[in-house]
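What follows is one structure encoded as structure tokens, with my remarks underneath.
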Amino acid sequence: MIKAATRLDSVQEYYFATKLREVRSILEEGKPIINAGIGNPDLLPPEQVIPAITAALQDPKAHGYQSYLGLPELREAMSQFYKTHYSVSLDAESEIIPLMGSKEGILHISMAFLNPGDAVLIPDPGYPTYASATRLCEAMPVTYALKEEYHWLPDLEELEQLDLSKVKIMWINYPHMPTSVAGSKELFEKLVHFAKKHEILLVNDNPYSCVGYEEKISVHQVAHSEDVVLELNSISKTFNMPGWRVGMLTGKSTLLKEVLKVKTNMDSGMFYGVQKGAIAALKTVDVWIENQNRIYKIRRDLTIQLAEKLEMQPQEQNGGLFVWCKLPNGMTDDKAFVDQLLHESHIFIAPGSIFGKNGEGYVRFSLCVNEDQIQEMIHRVTKKVEA
């Protein structure tokens, strides 16, 4: 027997990879499953995107290897995106790395800065990949609590009580997934001060800030933060293009150079046509984003009605792709609740505990289902309650 590397002993297959196989098997039995579990945008990209990639396919340069750093005009479009939406100036030549989806950036950053035995601060609840990438680098995840009583924000006093001597990276994610809490520039200022004090690399994962939030925030908005911060962003959620796998890593050139050493040894340049489509998306006018946000608001309001029909307690939120809800009083087993809803009402949602211990007793609804589907979920739940 050829044995797998021992580093894989510390990670498991991603929850949704296994759970969606179960959902597909139920669908194959003819059951009308509605999938409100994952943040997979169902709306179309901006109308100029498809013509841009189509035209690009005819370019003689389209089918060859591309630069690791992407087209200059792609980096320029990313720079302009930051200027337009966050009032942040980034040098397109040295402070932006295009990524094949921001998820790869999580591992690239981890590989660039972590040694075995280093520690990494991971939000709980939070995106599971932060901890997985940490373990794959043979470093140690150290969770910090995000709780309802803290409004799902870090408690700086609690952070200061931790043993920070081995901490190399701190992952933050505002606006936050799974709770959709917005965060603020004031929070970023406190976290940058904390990172400087303890010589920690602060990385903000920022794919949701243009989805429904009145104020679009970036950790780069904090003055004099460049020595200790990086930020990931993506076109997946903002422009309904998750399958295109286009993200970006932004920050000081000296930090990015270290990440580039990893990236250039692990992949090649992004497909030319995808880059051209991404450029078109990044130039989208605000009115398109505003129209999309109105659609999500309608869905959010209806999903809150659905949650209340289930006697849940929706958490306050005004943006993002999710509605985060506390289970009905007296219930704590979120996975059992999710399974019951799946098998009895044929509705799939995400259990909060897959995002960490502090997610236990909560569930997450995705807004990536249309209005008719949400109305159908309300109908199914109402019918079951009345039965």
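When only the Cβ of Lys, Arg, Asp and Glu is charged (+1, +1, -1, -1), the dipole of the chain relative to its Cα centre reaches about 800 debye.
Using a 1.4 angstrom probe on heavy atoms only, work out the carbon and sulfur share of the accessible area of the range 341-387 in %. Roughly 44 percent, rounded to a whole number.
Accessible surface of VAL259, taken over heavy atoms with a 1.4 Å probe and every protein chain present, rounds to 0 Å². In terms of its alpha-carbon gyration tensor, the range 18-154 comes out oblate; a/c meets the 1.5 threshold, while b/c is at least as large as a/b. For the residues TRP324, TRP288, a 1.4 Å probe over the protein chains yields an accessible-area ranking, largest first, of TRP288, TRP324.
Rg and Dmax of the chain, based on Cα coordinates, read 21.0, 64 Å. When nucleic acids and ligands are ignored and a 1.4 Å probe is applied, ILE378 ends up with an accessible area of around 20 Å². Accessible surface calculations at 1.4 Å, restricted to protein heavy atoms, place the range 81-134 at 30 Å² per residue.
GNM on the chain, alpha-carbon springs under 10 angstrom: the most fluctuating residue among PRO51, PRO154, PRO123 is PRO51.
Counting protein heavy atoms only, the range 14-93 has 56 percent of its accessible area on carbon and sulfur, 1.4 angstrom probe. Accessible-area rank, largest first, for ARG245, ARG24: ARG24, ARG245, with all protein chains present and a 1.4 angstrom probe.
Taking a ≥ b ≥ c as the square roots of the eigenvalues of the Cα gyration tensor, the range 263-382 is classed as prolate, since a/c reaches at least 1.5 and a/b is larger than b/c. Measuring against 20 Å, Cα to Cα, the residue pairs LYS3/LYS168; LYS357/LYS384; LYS103/LYS263; LYS166/LYS196; LYS309/LYS383 contain LYS3/LYS168; LYS357/LYS384 as the ones spanning a longer distance. Could you tell me which of rounded, prolate or oblate describes the range 1-94, using a ≥ b ≥ c as the square roots of the eigenvalues of the alpha-carbon gyration tensor, with rounded for a/c under 1.5 and, failing that, prolate when a/b is larger than b/c and oblate otherwise? Prolate, because a/c is 1.5 or more and a/b exceeds b/c. Among GLY37, GLY277, GLY64, the largest mean-square fluctuation in a Gaussian network model of the chain (Cα springs under 10 Å) belongs to GLY64. Between the range 235-303 and the range 331-387, the alpha-carbon centres lie 29 Å apart. Helical content alone sets the calculated 222 nm signal of the chain at -12500 deg cm²/dmol, taking -39,500 (n - 2.57) per DSSP H segment of four or more residues and averaging over every residue. Here the spin labels are modelled as points 7 Å beyond Cα on the Cα-Cβ line, and at THR332 and SER165 they lie 3.5 nm apart. To the nearest 10, the accessible area of THR264 is 50 Å² with a 1.4 Å probe. In this simple spin-label approximation, LYS190 and ASN40 carry label points 7 Å from Cα along the Cα→Cβ vector, and these lie 3.7 nm apart. For the range 333-387, the per residue solvent-accessible surface stands at 44 Å², with DNA, RNA and ligands left out and a 1.4 Å probe. Between the residues HIS198, ASN115, SER180, the greatest Cα displacement towards the positive end of the dipole of the range 87-231, with unit charges on the Cβ of Lys, Arg, Asp and Glu, is found for ASN115. Using a Gaussian network model on the chain with a 10 Å cutoff between Cα atoms, which of TYR150, TYR174, TYR296 fluctuates the most? It is TYR150. Taking label positions 7 Å along the Cα-Cβ direction at both GLU290 and LEU20, the computed distance is 3.4 nm, reported to one decimal. Between ILE298 and LYS197, the contour length at 0.36 nm per residue exceeds the Cα-Cα span by 32.0 nm.
Neighbours of LYS147, meaning other residues whose beta-carbon lies under 11 angstrom from its beta-carbon, give a summed charge of -4 when Lys and Arg score +1 and Asp and Glu score -1.
In terms of accessible area, using a 1.4 Å probe and ignoring ligands and nucleic acids, GLU158, GLU93, GLU104 rank largest first as GLU93, GLU158, GLU104. Hey, any idea what % of the range 199-253's accessible area is carbon plus sulfur with a 1.4 Å probe? Of all accessible area on the range 199-253, carbon and sulfur atoms account for 41 percent.
The values are calculated or read from the model by the stated rules, or taken from the named source; none is laboratory data. Bear in mind that the values here come from a model prediction, so they are computed numbers and not experimental data. As a convention, Cβ positions derive from the backbone with ideal geometry for all residues, glycine included, and neighbour counts pool all protein chains shown. Accessible surface areas use protein heavy atoms only, side chains included; no ligands, DNA or RNA. Shrake-Rupley method; radii C 1.70, N 1.55, O 1.52, S 1.80 Å.
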